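Structure first, then comments.
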Amino acid sequence: MALISQAAVGIHTDVTPCTVGHNGIFSRRNNLEASRMKKTCVSFSSSSCYSDKIAQVLHPDNARVGIRRGHGAIVAAVVGTEPLTKEDLIGHLASGCKPKEKWRIGTEHEKFGFEFGTLSPMKYEQIAKLLNGISERFEWDKVMEGDNIIGLKQGNQSISLEPGGQFELSGAPLETLHQTCAEVNSHLYQVKAVAEEMGIGFLGIGFQPKCELKDIPLMPKGRYKIMKNYMPKVGTLGHNMMFRTCTVQVNLDFSSEADMIRKFRASLALQLIATAIFANSPFTEGKPNGFLSMRSHTWSDTDRDRTGLLPFVFDDSFGFERYVDYALDVPMYFVYRNKKYIDCAGLSFRDFLAGKLSSLPGEFPTLSDWEDHLTTIFPEVRLKRYLEMRGADGGPWRRLCALPALWVGLLYDELSLQSAIDMTADWTLEEREMLRKEVPKTGLKTPFRGGLLRDIAEDVVKLAKDGLERRGYKETGFLNEVAEIVRTGVTPAEKLLELYHGKWGQSVDPVFEELLY
């Protein structure tokens with residue numbers, strides 16, 4: 001079985017002309033630079049486009065799965081001599097623009113592994129055995145960090161480890177939700193085939209329901225050690241986020257800067273609707289924690305420099321450049337050099353861009369450094385060369401298919417997208433922040449504009465269903481479970497709490513069977 005050191009991958013070479021954006025990617029002062037970049041821009045099979053300069057500055061040390069979450073990666077082995085500029089960083093985001101016929105669905109989901117006998121979290125030694133077993137039985141390539149296996153790769157899919165050993169599938173870019181659900185099912189079958197022989201099960205829930213933080217091992221990935229040390233300096237819940245949360249998210253495409261802006265605004269405004277519908281984390285250390293989505297609550301005090309609802313997205317000035325300015329001001333975690341992670345926690349990427357990073361004086365960032373930095377930003381919706389919907393708790397397999405169905409129906413259909421924009425256009429910053437605070441506690445029963453959030457959710461699910469119908473792939477069935485949650489107004493977390501106070505006799509142990517994959 002092939003070994004991939006940090007999952008290095010190659011690029012396809014089919015090249016076609018490409019333009020990016022329709023809404024002014026660069027400010028007027030950068031028109032000359034924009035013109036230069038557009039002339040040198042090329043489109044690869046992943047529908048990305050790079051200037052010659054950007055392609056040259058990809059550092060060989062960083063030639064790994066830089067853009068792994070559902071959209072492939074581009075690497076090069078030539079070190080450029082010209083430093084990156086802010087315009088290059090803007091162009092990198094803009095290179096994600098692709099025509100509608102090339103839009104795809106990239107789904108990723110995390111799950112907690114546990115020992116059947118003790119319900120304790122998997123240790124790294126067990127995870128390594130599991131990864132090796134899946135690799136050998138199902139022909140996945142191994143991803144190594146030093147002597148440690150830290151993931152797997154097969155085609156455009158990858159399996160990776162979150163800080164506390166949460167097991168994550170980052171799916172391939174797929175055309176339909178039928179393909180997405182088939183991918184989920186295939187992954188779960190392969191994982192279970194090996195894990196059950198080891199006495200290991202996997203739990204579909206948003207927050208570790210039983211174990212204390214001290215009982216959860218840190219995975220042997222250099223970046224996680226840096227993050228663990230930094231988190232207590234910037235918030236009180238960062239370790240909970242790292243070690244005790246699981247999510248499901250979907251990554252979706254845009255055709256232009258204007259299209260990105262519309263999708264970003266609609267999905268950011270409605271993200272708390274998804275948080276409410278998918279709320280599935282009511283337990284901590286064996287008892288109810290007072291929340292329906294403890295996973296969502298943990299983000300409220302993890303690190304405010306890199307989380308939240310990004311009010312500037314709703315400003316008239318928003319676009320690729322504004323997001324780059326935001327990202328440049330988010331403190332760094334690390335830089336990867338010579339197969340090691342260098343601690344740069346709290347330092348400025350702006351300084352790095354100017355060659356003034358104190359940890360690497362005189363050295364300039366590569367595009368892979370920028371890609372790494374973008375992965376350390378955690379808003380409710382995240383922009384890379386695609387948009388990531390990040391608001392939902394992990395859950396059982398039916399909801400792993402339902403989450404992408406909700407967002408595909410809303411964002412990939414023009415009528416539904418415009419209706420979502422119209423619905424949320426007059427929501428104020430104060431209202432959005434109120435939802436951010438209250439929804440993790442009260443879910444669909446959160447009061448909103450004289451009614452309940454459930455009323456808005458009903459309209460949202462209807463828009464998603466109509467959007468899926470117009471897509472013509474017979475995908476509306478994937479919304480059935482979501483529609484039932486909204487119809488009753490009872491979130492998955494509330495159903496678990498009812499079981500806890502009733503049939504389960506105030507024990508969380510049965511949840512490991514109830515939500516076992």
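The values are calculated or read from the model by the stated rules, or taken from the named source; none is laboratory data. This structure is a prediction, so every number in the text was calculated from the model and none was measured. Note that we place each Cβ from the backbone using ideal geometry, even for glycine, and neighbour counts take in every protein chain shown. The area values use the complete protein model at the heavy-atom level, side chains included, leaving out ligands, DNA and RNA. Shrake-Rupley method; radii C 1.70, N 1.55, O 1.52, S 1.80 Å.
Straight-line cross-link partners of Lys356 among the aspartates and glutamates, defined as a Cα under 20 Å from its Cα and at least 8 positions apart when in the same chain: Glu82, Glu87, Asp88, Asp325, Asp329, Asp343, Asp369, Glu371, Asp372. When each of the peptides 83-90, 104-111 is scored by the mean number of other C-beta atoms lying within 10 Å of its residues, the order from highest to lowest reads 104-111, 83-90.
Are there any chymotrypsin sites (Phe, Trp or Tyr not before Pro) in the stretch 97-130 that are in a DSSP loop and have at most 16 other Cβ atoms within 10 Å? List them by number.
Numbers: sites: Trp103, Phe112, Phe114, Phe116, Tyr124; in loops: Trp103, Phe116.
Answer in residue order: Phe116.
Could you work out what % of the accessible surface of the stretch 432-517 is carbon and sulfur, using a 1.4 angstrom probe and leaving DNA, RNA and ligands out of the count? The nonpolar share, carbon plus sulfur, comes to 50 percent.
Cβ-Cβ distance of Ser120 and Leu213, R₀ of 22 Å, FRET efficiency by 1/(1 + (r/R0)^6): the value works out to about 0.95.
Can you give me the distance in nm between label points at Arg137 and His178, each placed 7 Å from the Cα along the Cα-to-Cβ direction? Result: 2.9 nm between the two label points.
Enclosing the Cα atoms of the stretch 381-489 in their convex hull gives a volume equal to 121 cubic angstrom per residue. Cross-link partners for Lys445 among the aspartates and glutamates, with Cα-Cα distance under 12 Å and sequence neighbours closer than 8 places in the same chain left out: Asp455, Glu494. Using a cutoff of 8 angstrom between alpha carbon atoms and counting only pairs six or more residues apart, the relative contact order for the stretch 245-366 works out to 14 percent. Note on Met198 and Lys340: the extension gain reaches 47.9 nm, defined as 0.36 nm multiplied by sequence separation minus the Cα-Cα distance.
Could you tell me which of the pairs Lys102/Lys437; Lys384/Lys437; Lys98/Lys441 are separated by over 30 angstrom between their Cα atoms in the structure shown?
Details: Lys102/Lys437 37 Å; Lys384/Lys437 26 Å; Lys98/Lys441 38 Å.
Pairs exceeding 30 Å: Lys102/Lys437; Lys98/Lys441.
For the stretch 128-133, putting each phi into the Karplus relation 6.51 cos²θ - 1.76 cosθ + 1.60 with θ = phi - 60° gives couplings of 4, 5, 5, 4, 4, x Hz, in residue order, rounded to whole numbers and with x for Gly and Pro.
For the stretch 293-423, what does the relative contact order come out to in percent, with C-alpha contacts under 8 Å and a separation of six or more? Display every interim value, and only then the final one.
Details: 116 pairs, mean separation 25.9, N = 131.
Answer for the stretch 293-423 is 20 percent.
Solvent exposure of the stretch 285-404 amounts to 32 Å² per residue of accessible area, where only protein heavy atoms count and the probe is 1.4 Å. Potential lengthening of the chain between Asp325 and Asn480 amounts to 51.8 nm, from the contour at 0.36 nm per residue minus the alpha-carbon distance.
Averaging over all projection directions, find the projected area of the Cα convex hull of the stretch 118-269 and quote it in nm² with one decimal place.
Values: hull surface 45.6 nm².
Mean orientational projected area (the stretch 118-269, Cα hull): 11.4 nm².
Cross-link check: pairs Lys233/Lys340; Lys142/Lys192; Lys153/Lys192; Lys123/Lys192; Lys111/Lys474; Lys111/Lys192 evaluated at a Cα-Cα cut-off of 20 Å; pairs beyond the cut-off: Lys233/Lys340; Lys111/Lys474.
Quote to one decimal, in nm, the extra length available between Arg398 and Glu430 on full extension: 0.36 nm per residue of separation minus the C-alpha distance between them.
Details: separation 32, 0.36 × 32 = 11.52 nm, distance 3.37 nm.
Stretched out fully, the Arg398 to Glu430 stretch lengthens by 8.1 nm.
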